[in-house]
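S.K.: One structure, as structure tokens, below. Some questions next.
The values are calculated or read from the model by the stated rules, or taken from the named source; none is laboratory data. The shown structure was predicted, so the numbers you read here are calculated from the model rather than taken from an experiment. Don't worry about glycine lacking a Cβ; one is built from the backbone with ideal geometry, like all the others, and counts go over all protein chains shown.
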Amino acid sequence: MLKDITLDIAKNIAGLGLFEEILVEQEEDTTKFTAYPEDNLLTVLANSKNKVSELPDKCGLLNLGFYVGLTNLYKSEDSNAATGTNNKSEIDRLVFTGKDNNNDEFRLTPTNLMKTKSRSFKGTAWEVEVKPAANKISELVQRGTLYASIDPNFVASTDNGKLVFTFGGAQGGGHSGKFIFADTNQTLKRPVTLSIQAVLTAFKQCSQGTPELKLSEKATSVSFDSGLIKYEYITPSQN
């Protein structure tokens, strides 16, 4: 289980290239993973379905580019991941072993050396909740990538039973586009401005699960379940 968890975290948090650290915390029935960049543009809160008891109560993952590269070496079924200890019998590393007994160690970081602190999302009054179709997500990624070059944000609104995304406009040099993303019987109180980068980053991770998008005037959430871990990507509104 530990190897699968390390690979899952590498793919869905560390591999995004946005974060310097991942905070790992044990809770009663789950293991929690938290990451956010200095600009707080996107916060990832992730909880494992089952507690990863091999890991210490609290620790950090740093040097995430190295971490991703290391886990990529041990994707085969005959490789293994375990924890190792120091001379005080404290868990302080991940130990990866291959079929030929090749091995690599990744040091865990004490939380007192980290900038990332424990964070939770107490929620908001979600106004619109949808489970978009895969083809709509794909088209959103294409459109968003295109328009991000002229305007870093887009606007979400509801109109006649549709969730509509509007790109460009005055901020985009006059270039603009309208994209109907999903059907909904809910209504946003007012248009919500969102970061293209943050929303696309979240949706790009969701190809392995069924994502859910939630919007309010304060924040937007994209969540999905990888089978091992439930991920929630939260970005504040840019209004």
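S.K.: For residue 187, are the conditions met, namely being modelled with pLDDT of 90 or more and assigned to a loop (DSSP other than H, G, I, E, B)? Quick ask: steps written out before the conclusion?
M.R.: Values: modelled with pLDDT of 90 or more: yes; assigned to a loop (DSSP other than H, G, I, E, B): yes.
For residue 187, the condition - modelled with pLDDT of 90 or more and assigned to a loop (DSSP other than H, G, I, E, B) - is met.
S.K.: May I ask you to list the residues in the range 185-223 that are surrounded by 20 or more Cβ atoms within 10 Å (Cβ to Cβ) and farther than 17 Å from residue 18 by Cβ?
M.R.: If the condition is that a residue be surrounded by 20 or more Cβ atoms within 10 Å (Cβ to Cβ) and farther than 17 Å from residue 18 by Cβ, then 192, 211, 213, 215 are the ones that fit.
One line per residue, one yes/no per condition, for (1) under 30 Å from residue 211 (Cβ atoms); (2) without any contact (Cβ under 8 Å) to a residue 12 or more places away in the chain:
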site: 50; (1), (2): yes, no
site: 58; (1), (2): yes, no
site: 67; (1), (2): yes, no
site: 71; (1), (2): yes, no
site: 78; (1), (2): no, no
site: 90; (1), (2): no, no
site: 100; (1), (2): no, yes
site: 106; (1), (2): yes, no
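S.K.: If you scan the range 68-96, which residues turn out to be in a strand (DSSP E or B), of a type outside the set (A, V, I, L, M) and in contact with a Phe, Trp or Tyr (Cβ under 8 Å, 6 or more places away or on another chain)? Don't jump to the end; show me each part of the working.
M.R.: At the first step, the residues of the range 68-96 found to be in a strand (DSSP E or B) are 80-85, 91-96.
Subset that is of a type outside the set (A, V, I, L, M): 80, 83-85, 92-93, 96.
Residues satisfying the conditions are 80, 93, 96.
S.K.: Please pick out the residue among 68, 95 that is closer than 26 Å to residue 224 by Cβ, of a type outside the set (Ser, Thr, Tyr) and modelled with pLDDT of 95 or more. If you could, list the steps in order and put the result at the bottom.
M.R.: On the way: 95 fails: closer than 26 Å to residue 224 by Cβ.
Of 68, 95, the one residue that is closer than 26 Å to residue 224 by Cβ, of a type outside the set (Ser, Thr, Tyr) and modelled with pLDDT of 95 or more is 68.
S.K.: Checking the structure you have, find out if any residue of the range 89-112 is in contact with a helix residue (DSSP H, G or I) (Cβ under 6 Å, 6 or more places away or on another chain) and closer than 30 Å to residue 62 by Cβ.
M.R.: If we filter the range 89-112 for residues that are in contact with a helix residue (DSSP H, G or I) (Cβ under 6 Å, 6 or more places away or on another chain), which is where we start, we get 104, 106.
Subsequent filtering for residues that are closer than 30 Å to residue 62 by Cβ retains 104, 106.
Among the residues of the range 89-112, at least one is in contact with a helix residue (DSSP H, G or I) (Cβ under 6 Å, 6 or more places away or on another chain) and closer than 30 Å to residue 62 by Cβ, which makes the answer yes.
S.K.: Okay, next question. Only one of (1) assigned to a strand (DSSP E or B); (2) outside the structural domain of residue 61 (by TED's automatic domain parsing); (3) closer than 28 Å to residue 38 by Cβ is not met by residue 120, so which one is it?
M.R.: Result: residue 120 fails condition (1) only.
S.K.: Give the residue that is farthest from the chain's Cα centre (by Cα), with candidates limited to residues of the range 1-24 that are assigned to a loop (DSSP other than H, G, I, E, B) and either outside the structural domain of residue 108 (by TED's automatic domain parsing) or surrounded by fewer than 20 Cβ atoms within 10 Å (Cβ to Cβ) (or both).
M.R.: Kept after step one, since they are assigned to a loop (DSSP other than H, G, I, E, B), are these residues of the range 1-24: 1, 13, 17-21.
Next cut, either outside the structural domain of residue 108 (by TED's automatic domain parsing) or surrounded by fewer than 20 Cβ atoms within 10 Å (Cβ to Cβ) (or both) only: 1, 17-18, 20.
Numbers: 1: 20, 17: 11, 18: 10, 20: 13 Å.
Only one residue fits best here, namely 1.
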